[in-house]
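The values are calculated or read from the model by the stated rules, or taken from the named source; none is laboratory data. These numbers come from a predicted model, not from an experiment. Cβ coordinates were reconstructed from backbone atoms using ideal geometry, including for glycine residues, and neighbour counts include every protein chain displayed. Surface areas here come from the heavy atoms of the whole protein model, side chains and all, with no ligands, DNA or RNA. Shrake-Rupley method; radii C 1.70, N 1.55, O 1.52, S 1.80 Å.
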Amino acid sequence: MARGQCDLIVVPAGWAAGLFKEEHWVTLVRARAIENTVWMAAVDQVPDPAEPATGAATGVGRSLLVDPMGTVRLDLGSRPGIAVGEVDTKLTAEIRAVLPSLEHRRDDLFGRP
């Protein structure tokens, strides 16, 4: 693995509910996995069905495990739950060999050493 690269990013969230917000959440998590060629464990708060809907960031659920190609490997849906998924680092290396997007980063432009 090259300097500054990791195999998994964990994202805790309280994504705001609303029109198409659940689909936005899934799309953006998949996009981040693809562009960074990483596994994404995106954990979103599940809304309380006893509470009235608001515009506040109460979560939409849909906690996901997404592979570096953007394939959803686990999706907990909109209900509380627990799941165990496997992060295949060999797959990450294979994908990075085909899609070397991280090699094109310009760390010198962003003040990284």
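Were the residues from A97 through A50 laid out at 0.36 nm apart, the gain over their Cα-Cα distance would be 12.1 nm.
Sum up the charges of everything whose Cβ sits under 13 Å from the Cβ of R96, counting Lys and Arg as +1 and Asp and Glu as -1, but leave R96 out.
Numbers: positive: K90, R105; negative: D7, E35, D67, D88, E94, E103.
Overall, the nearby charge balance is -4.
Any idea what angle helix 21-36 forms with the longest principal axis of the chain, computed on alpha-carbon atoms, 0 to 90 degrees, nearest 10? With both axes taken from Cα atoms, the answer is about 10 degrees.
Per-residue extension of 0.36 nm, minus the Cα-Cα distance of T89 and R106, leaves a gain of 3.7 nm for this segment. Think of a 1.4 Å ball rolled over the protein heavy atoms: the range 11-65 then has 54 Å² of accessible area per residue. Rounded to the nearest 10 degrees, the inclination of helix 89-98 to the longest alpha-carbon principal axis of the chain is 60 degrees. Rolled with a 1.4 Å probe across the full set of protein chains, the surface gives D7 an accessible area near 30 Å².
For M69, the shell of other residues with beta-carbons less than 14 Å away shows a net charge of 0, using +1 for Lys and Arg and -1 for Asp and Glu.
Computed over every Cα-Cα pair of the chain and binned at 10 Å starting from 0, the pair-distance distribution P(r) comes out as 14, 39, 28, 15, 3 percent.
Extension gain, V43 to R73: 0.36 nm times the residue separation minus the Cα-Cα distance gives 9.4 nm. If both residues of a DSSP beta bridge must be in the chain, then about 50% of such bridges are antiparallel.
Rolling a 1.4 angstrom probe over the chain with all protein chains present gives an accessible area of which 59% lies on carbon and sulfur atoms.
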